[in-house]
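Written out below as structure tokens is the structure these notes cover.
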Amino acid sequence: MRVVAAMSGGVDSAVAAARMLDAGHEVVGVHLALSRSAATLRESARGCCTIEDAGDARRVADRLGIPFYVWDLASRFERDVVEDFVAEYAAGRTPNPCLRCNERIKFAGLLDKAVALGFDAVATGHYARVVEGASGRELHRAVDAAKDQSYVLGVLDADQLARAFFPLGDSTKPQVREEAAARGFSVAKKPDSHDICFIPDGDTRAWLTRRLGERPGELVDAVSGDVVGAHGGAHGFTVGQRRGLGLDRSALDGEPRYVVSVDAPTNRVVIGTAELLGVDLVEGHHLRWCGPAPAGEVRVGAQVRAHGAEVAATATVDGVDAVRVVLDERLRGVAPGQSVVLYEGTRVVGSATISGTGRA
Amino acid sequence: MLPAALEALMEQSAVVGNPSSLHTSGRAARAVVEEARERIGAALGARPSEVVFTSGGTESDNLAVKGAWLARRAIDPALDGVVASSIEHHAVLDPVEYLAAARGVHVTWLEPDRCGHIGVDTLREALAPGGVAVASVMWANNEVGTVQPVAELAAVAREHGVPFHTDAVQAVAHLPVRFDESGADLMTVSAHKIGGPVGVGALLARRDAPLVPIAHGGGQERQVRSGTLDAAGIHSFAVALEATVAGRDVEAKRVLALRDRLIEGAVRLGLGITVSGCWTAGDGTRRVPGNAHLVVPGCEGDSLLYLLDAAGVECSTGSACQAGVPQPSHVLLAMGLSEAEARGALRLSLGRTSTEADVDAFLAALPAVVERARRAGGLL
């Protein structure tokens, strides 16, 4: 097959490209230029989209002897990922931009362009497995549970999955680093990227404040309804957050307080004790099925954040774009805007964006 | 590289000797450099003393723009302005922008007409207010190949008493470039565009051209360009230049025919392909013979590049320096193309190794490539 290997400049995508080549495919390396201000070298170990990263990817392509191109998807990334991220926070939700990027950039913008140019598929360095099942391709968790990235791929539909390769799904991270070193890749010891690539210093709240401005509002107690403090903008808060509330704990009977909800229209951040955080009802919309859509009530495993544990649940699809997930046990800090990804064993069934939470 | 130039490079590389040293091997190296200086001067219509060796086009351009500006300002602080065409190579563009940003220099950009030519009156108008330290207009554009009326422009600059620099890197291969007849005070040339080695070039500078060094050191090259000279590279440069000049008229005619075959063929495909700027079949005086610059509507240049590369055709979207994140060419934008049009630009350079079969292979590959690139182009 003719395959585009998406090469970020990191160790994972480098080894993924090498494995596709070893498997006998015709591979072309493509680095996605996603940053509008790409004229910057790396500011910290967190960034993923700098000129230095493009150079690292190019060196791996040199080493593999494959053609290498930089495709500029910056304006599309800005529109479909960054602006969506800002709008979601402004609406009081907590988006996952990596999911959006996979859905709309890597397996849409990139994949569509690749297919139009005559390629058959896109390969990335995600840790997840694609398995040929009875009714088409299935997406499964990676062997390395610590690195498993099936959660952020839960937005792929069957068509996208049909053209996706994840050559690292059967390996652990240490194995991949070892292989990179054995192959002589300069990126073998490059640190993992963390957090959000377009916020290189990792300070999401400050970044959002630069985009949205200061929006002073009130901190409100969930039980009494009393105003107990002030904040610089509801967009700086996410459900389950404990730090940065600026509260005098002694005034609140010494018990830690958490964000229990964010109300964008009134710009109020509601806080309460840990006990109030537990929910076992998760409602979602923007359904994406990685295979056949389940009908009626199904038993599943549900994961509500990128590195969270999976809990047993019952999911009921309600119409075309709503799902109701009742968890067997309560989870804390389930934030609207995140995705709930549903599993059957190791197989990803699909995902939904969380629209609301509560108690069943 | 030309085989003779490569041989000259290898041969001289085996010889030890610093041309600045006074011992025997140093003197021998110096003799090689000085002989090359004479041969290069003769081939380009310059006196040997007017040849200042550099590491290539970029250094020569920087030395010309910054060195002349510094020298003129030292004479008269009122001489603070710079005039340059907006379609210069980045090696001129960026030093000018640097002077504007770091030294507060007033810059007047000369805009081309839609053909990509800089008018004599445009320069006259820019020089009229006075206070200009240096003017720079390239001989032939590196992207679209337009040839500027250098002698007329230099004459206008002379009327105003302003030193005139021209970047002739792209011109020497196919045009009868003569420093003395051009009227320019400063001229950039480079070895690797004429079959010589990468890393060697020269700034031709009239003996009365105002020029101070931008890199200070041992004082070689008339005190304006310090650093130990690369005798082997310089020797090879001279060999390549002489060979180029000797065969230039014949080669220019051959390449011109290839260029016209390519452009006529591409335009006739019925794919909406146009030539950027103005092109007249058989004319190599307003547009260099070896440049075919096409605009393919509805395509992203990088898609074309990939598909053509896969089909065995090596070409470029803009200048090679911009390869990386694709940006629409500043030259095409200055010529009035829209950003969308500029994104579908395809630059094909024809030279010594190009053949009719290459052109025909390109034309044969083009329809399928354009069709695919258009499908990919509409998606972003």
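The values are calculated or read from the model by the stated rules, or taken from the named source; none is laboratory data. Predicted, not measured: the structure shown is a model, and the values here were computed from it. Here the Cβ positions follow ideal geometry from the backbone for every residue, glycine too, while neighbour counts run over all protein chains shown.
From A:Ala54, A:Ala134, A:Ala61, A:Ala116, which residue is within 27 Å of A:Ala293 (Cβ to Cβ) and either of a type in the set (A, V, I, L, M) or within 14 Å of chain B (Cβ to nearest Cβ) (or both)? Walk me through how you get there before you give the answer.
Details: A:Ala54 fails: within 27 Å of A:Ala293 (Cβ to Cβ); A:Ala61 fails: within 27 Å of A:Ala293 (Cβ to Cβ); A:Ala116 fails: within 27 Å of A:Ala293 (Cβ to Cβ).
Sole residue among the options that is within 27 Å of A:Ala293 (Cβ to Cβ) and either of a type in the set (A, V, I, L, M) or within 14 Å of chain B (Cβ to nearest Cβ) (or both): A:Ala134.
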**OP:** Please enumerate the residues belonging to the range A:273-299 that are more than 30 Å from A:Ala134 (Cβ to Cβ) and not hydroxyl-bearing (Ser, Thr, Tyr).
**Re:** A:Ala274, A:Glu275, A:Leu276, A:Leu277, A:Gly278, A:Val279, A:Asp280, A:Leu281, A:Glu283
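Out of all the residues in the range B:322-334, is one or more closer than 24 Å to B:Ala91 by Cα, β-branched (Val, Ile, Thr) and at pLDDT below 85? Please lay out each step first, then the result.
Here is the first cut: in the range B:322-334, the residues closer than 24 Å to B:Ala91 by Cα are B:322-334.
Checking which are β-branched (Val, Ile, Thr) leaves us with B:325, B:331.
Still in the list and also at pLDDT below 85: B:325.
Yes.
Would you check if B:Glu341 is at pLDDT below 90, surrounded by fewer than 21 Cβ atoms within 10 Å (Cβ to Cβ) and more than 14 Å from every other protein chain (Cβ to nearest Cβ)? Working first, answer last.
Working: at pLDDT below 90: yes; surrounded by fewer than 21 Cβ atoms within 10 Å (Cβ to Cβ): yes; more than 14 Å from every other protein chain (Cβ to nearest Cβ): yes.
Judged against the criteria, B:Glu341 is a match.
Kindly indicate which of B:Leu258, B:Leu262, B:Leu229, B:Leu269 is of a type outside the set (Ser, Thr, Tyr), assigned by TED's automatic domain parsing to the domain that holds B:Asp360 and not in a helix (DSSP H, G or I). Can you show your working first?
Details: B:Leu258 fails: not in a helix (DSSP H, G or I); B:Leu262 fails: not in a helix (DSSP H, G or I); B:Leu229 fails: assigned by TED's automatic domain parsing to the domain that holds B:Asp360.
That would be B:Leu269, the only listed residue that is of a type outside the set (Ser, Thr, Tyr), assigned by TED's automatic domain parsing to the domain that holds B:Asp360 and not in a helix (DSSP H, G or I).
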**OP:** Go through (1) out of contact with any strand residue (DSSP E or B) (no Cβ under 7 Å at 6 or more places or on another chain); (2) more than 30 Å from B:Gly26 (Cβ to Cβ); (3) at pLDDT below 95 and name the single condition B:Glu143 misses.
**Re:** (1)
Original post:
Residues in the range B:18-38: is at least one surrounded by fewer than 21 Cβ atoms within 10 Å (Cβ to Cβ), of a type in the set (Lys, Arg) and at pLDDT 95 or above?
Top reply: no
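Would you kindly identify the strands (runs of 3 or more DSSP E) lying entirely within the range B:79-170 that contain at least 2 residues that are among the hydrophobic types (A, V, I, L, M, F, W, C)?
Numbers: elements: B:81-85, B:107-110, B:132-136, B:164-167.
In the range B:79-170, B:81-85, B:107-110, B:132-136 are the strands (runs of 3 or more DSSP E) which contain 2 or more residues that are among the hydrophobic types (A, V, I, L, M, F, W, C).
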**OP:** Working carefully through the options A:Glu103, A:Glu83, find the one that is buried (at least 22 other Cβ atoms within 10 Å of the Cβ), away from chain B (no Cβ under 14 Å) and charged (D, E, K, R).
**Re:** A:Glu103
Original post:
When the range A:110-139 is examined, which residues are found to be β-branched (Val, Ile, Thr) and either more than 10 Å from A:Ala164 (Cα to Cα) or out of contact with any helix residue (DSSP H, G or I) (no Cβ under 7 Å at 6 or more places or on another chain) (or both)?
Top reply: A:Val115, A:Val131
Subject >> Residue satisfying all of: in the range B:171-208; of a type in the set (D, E, K, R) and not in a loop (DSSP other than H, G, I, E, B); nearest to the chain's Cα centre (by Cα) among these >> reply: B:Lys193
Subject >> Selection from the range A:240-260 of residues that are surrounded by 11 or more Cβ atoms within 10 Å (Cβ to Cβ), modelled with pLDDT under 85 and on the phi > 0 side of the Ramachandran plot >> reply: A:Gly244
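From the list B:Val296, B:Val288, exactly one residue is away from chain A (no Cβ under 14 Å), touching a residue at least 12 places away in the same chain (Cβ under 8 Å), over 24 Å from the mean Cα position of the chain (by Cα) and surrounded by 24 or more Cβ atoms within 10 Å (Cβ to Cβ). Which is it?
Values: B:Val288 fails: over 24 Å from the mean Cα position of the chain (by Cα).
That would be B:Val296, the only listed residue that is away from chain A (no Cβ under 14 Å), touching a residue at least 12 places away in the same chain (Cβ under 8 Å), over 24 Å from the mean Cα position of the chain (by Cα) and surrounded by 24 or more Cβ atoms within 10 Å (Cβ to Cβ).
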Subject >> Conditions (1) more than 17 Å from A:Gly92 (Cβ to Cβ); (2) more than 22 Å from the chain's Cα centre (by Cα); (3) not small (Gly, Ala, Ser); number of the one not met by A:Glu214 >> reply: (1)
Original post:
Is it the case that A:Ala74 is in contact (Cβ under 8 Å) with a residue 60 or more places away in the chain and among the small types (Gly, Ala, Ser)?
Top reply: no
